[in-house]
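Since the structure comes first, as structure tokens, the remarks are kept for the end.
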Protein chains: 2
Amino acid sequence: MPTPAIIPTAHAALSLALSQAIDNKTKPLGSLGRLEELARQIGLIQATTQPRLDAPAVLVFAGDHGVVAEGVSAYPQEVTWQMIENFLAGGAAINVFANQNGCTIQVVDAGVNHDFGARSNLVDRKVARGTRNFAIEAAMSQDQCRRAMEHGMALVRDLPGNVVGFGEMGIGNTTAAAALMHKLTDLPLAECVGAGTGLAPAAISRKEAVLTAAMRTHAGASAPLDVLATFGGFEIAMMTGAMLQAAALRKVLLIDGFIVTSALLVAAKLQPAILDYCVFAHCSSEQGHRRMLDHLGVRPLLQLDLRLGEGTGAALALPLLHAAVNFMTTMATFDSARVSTRAP
Amino acid sequence: MPTPAIIPTAHAALSLALSQAIDNKTKPLGSLGRLEELARQIGLIQATTQPRLDAPAVLVFAGDHGVVAEGVSAYPQEVTWQMIENFLAGGAAINVFANQNGCTIQVVDAGVNHDFGARSNLVDRKVARGTRNFAIEAAMSQDQCRRAMEHGMALVRDLPGNVVGFGEMGIGNTTAAAALMHKLTDLPLAECVGAGTGLAPAAISRKEAVLTAAMRTHAGASAPLDVLATFGGFEIAMMTGAMLQAAALRKVLLIDGFIVTSALLVAAKLQPAILDYCVFAHCSSEQGHRRMLDHLGVRPLLQLDLRLGEGTGAALALPLLHAAVNFMTTMATFDSARVSTRAP
């Protein structure tokens, strides 16, 4: 399927102008560390030395996974829809952190195995009531995968702001994400599989065995979109589409944890320039996430041993993006504040 | 001098109640990682399962250092008072981050070598116009050290809130902090000395040589308050006093970078229980800071390669403290949200 073109942000003259603007602020050279990198990145994304964050939103995509029939999760599938109800009622961690840090959330039913009825604050983009069990057959058809991605793209086109955080909910989706990671990075399955919501070691071994068997069943899948359709979830495919669209529109992408990054792996295979637009919010304690980030060659902002999903890491990192933009736009310069620069 | 008594926060029954409250929230067990530790710590400090943060403030203590005569800083001494003017005008990094994250700042002249005149938003607690050069003689008298600490204690007694961040400004103060660190941790000087505001390698060697000679000159100083008076700054001594008082009043102490932590090293020698009250905001890229934190056996929240001081790391970490408190007080429980718990 055609995906929107993403243009690398590299721009030598702007990059120099950004560095000069940063170095003129009243602080020792380089002393704001990662925030300086972040200011430079957001400046390049927005093509300005005066970056700003408008109407940040976290999109929380939810879907169910047929592979839970194999016993790969510590929680029953019904927790997916129950947590959606929790999001809609404002009681989940993502509600708390998004509310605290001034970002809106949009909860998207990408393919939950539950009938929610008409709900004013749930975005219904249900492709089907959960994927099929990839231990037996492909999780979704090519057509379902395409539709999920297109829904994601359309949702982002309708967003008013210039920062999009990504979050997800779906019992079983660390299993899907581990499969995507293995196929797209060539890392051994043992490095891709983790405890998810809290599996004991024996259950992690079972999860890995399920994945090992599934890799044999679907040995032919290798193109990124084939891999996505074979192992992915509707929430993952919808995120992949949304990410591609967001970068094409030069928005800042705020990447959360293991599952969100698995969706990005697909997007980055299709269009590597998408990485220019990504801010990596945190490193999850789901063990594969660190390896995913290393594979992409990127550094996360936060390391708080989170493994909750929902976009919580993205919402928690948002104040650091504000800090980067705010120091660029409101700090005094050595000249304006009449502060002596360093000795020559 | 007598310092206010600090009571360890350990409390078995409350600790259990906090863990139960955290585990009942709608999230996989332990999945909020460091935020769960933080919620538990703040709960123990405040002796409640419903912690709250009131009127957080960052105190920015400024002082000058006689040792700058030895050429230990990349910036001239006048930058100390010029930066105070910048703080008062709202143009520095700490202004930007404190303003963004909803905390007030109080700028305290602990001993700057400059006459500011009467200024409505500068707290004048000037002990003297800078310390003496500890390469030659003790930086301050015992009486000056005591007065600085008492000012710090009194300032904290007058604070309305229950969270105190610590920040500082003082050209030359990484040299003083390195001396304190060496004397109080027994780590080799080479591990305590760093680039400060940005010294080149040759200048770092010179800084280390100045410190090596000063250690011989003041070989007798070993009690914590002697070490503080001999090598410290007025801003550092005032912070030490303020920290002791804040912990005695069961406030949360938000510890910033290298210099702030050097003040804490003194306080912790006097009253080790103070560590129960400390949240370590970040790990500075000033090389000695990581070793200080390791020496104390603590983990910082942020690692952003900051090395700016002013309390910037403390202000940047504040949203994480809010997140910890907010999830404790506003997230739904499995019962209240009717979400299934994990399979038995």
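The values are calculated or read from the model by the stated rules, or taken from the named source; none is laboratory data. Because the structure is predicted, anything quoted here is derived from the model rather than measured. Cβ: placed from backbone, ideal geometry, glycine included. Neighbour counts: every protein chain shown. Remember, those area values only see protein heavy atoms, side chains included, never the ligands or the DNA or RNA. Shrake-Rupley method; radii C 1.70, N 1.55, O 1.52, S 1.80 Å.
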task = Would you tally the residues in the stretch B:299-320 being in contact with a Leu (Cβ under 7 Å, 6 or more places away or on another chain) and either more than 12 Å from every other protein chain (Cβ to nearest Cβ) or at positive phi (or both)?
result = 1
query = Which residue out of B:T185, B:T217 is of a type in the set (S, T, N, Q) and touching a His at 6+ places or on another chain (Cβ under 9 Å)?
reply = B:T185
remark   = For helices (runs of 4 or more DSSP H) lying entirely in the stretch A:268-344, having 3 or more residues that are small (G, A, S) picks out A:312-330
The one condition in (1) closer than 14 Å to B:V266 by Cβ; (2) under 15 Å from the mean Cα position of the chain (by Cα) that B:G170 fails to fulfil = (1)
ask   = Could we say that A:E70 is surrounded by fewer than 19 Cβ atoms within 10 Å (Cβ to Cβ) and acidic (D, E) here?
value = no
inquiry  = If a residue must be more than 15 Å from A:M331 (Cα to Cα) and either crowded, with 21+ Cβ neighbours inside 10 Å or of a type outside the set (A, V, I, L, M, F, W, C) (or both), how many such residues does the stretch A:9-24 contain?
reply    = 3
request  = Please specify each residue of the stretch A:249-292 satisfying the condition of being in contact with a strand residue (DSSP E or B) (Cβ under 6 Å, 6 or more places away or on another chain) and within 14 Å of chain B (Cβ to nearest Cβ).
outcome  = A:D256, A:I259, A:V279, A:F280, A:A281, A:H282
note = The correct count of residues that are surrounded by 15 or more Cβ atoms within 10 Å (Cβ to Cβ) and either more than 10 Å from chain B (Cβ to nearest Cβ) or not in a loop (DSSP other than H, G, I, E, B) (or both) in the stretch A:191-205 is 6
key: Pick from the stretch B:25-40, criterion in contact (Cβ under 8 Å) with a residue 12 or more places away in the chain and more than 8 Å from chain A (Cβ to nearest Cβ), ranking: most open to solvent (accessible area, probe 1.4 Å)   = B:R40
note = Exception for B:H11 within (1) touching a Ser or Thr at 6+ places or on another chain (Cβ under 9 Å); (2) more than 14 Å from chain A (Cβ to nearest Cβ); (3) touching a residue at least 24 places away in the same chain (Cβ under 8 Å); (4) more than 25 Å from B:A148 (Cα to Cα) falls at (1)
task = Can you give me the number of residues within the stretch B:321-341 that are more than 7 Å from chain A (Cβ to nearest Cβ) and touching a residue at least 40 places away in the same chain (Cβ under 8 Å)?
result = 8
key: Residue ID - nearest to the other protein chains (Cβ to nearest Cβ), chosen from residues in the stretch B:74-123 that are open to solvent by 20 Å² or more (accessible area, probe 1.4 Å) and among the β-branched types (V, I, T)   = B:I105
request  = Identify, by number, the condition in (1) in contact with a Cys (Cβ under 9 Å, 6 or more places away or on another chain); (2) under 30 Å from B:P201 (Cα atoms) that B:V68 doesn't meet.
outcome  = (1)
request  = Determine, yes or no, whether B:F61 is within 14 Å of chain A (Cβ to nearest Cβ) and not in a loop (DSSP other than H, G, I, E, B).
outcome  = no
task = Return the pairs, sorted by first residue and then second, in which the second residue is part of a helix (DSSP H, G or I), the first residue lies in the stretch B:214-241 and is among the aromatic types (F, W, Y), the beta carbons are less than 8 Å apart, and the residues are 6+ apart or on different chains.
result = B:F231/B:A176; B:F231/B:A179; B:F231/B:L180; B:F231/B:K183; B:F231/B:A214; B:F234/B:Q144; B:F234/B:A148
task = Look through the stretch B:176-189, keep the residues that are free of Cβ contacts under 8 Å to residues at least 40 places away in the same chain and more than 18 Å from B:G71 (Cα to Cα), and return whichever of them is most open to solvent (accessible area, probe 1.4 Å).
result = B:D186
key: Given (1) in contact (Cβ under 8 Å) with a residue 24 or more places away in the chain; (2) closer than 21 Å to A:G66 by Cβ, index of the condition A:G198 fails   = (2)
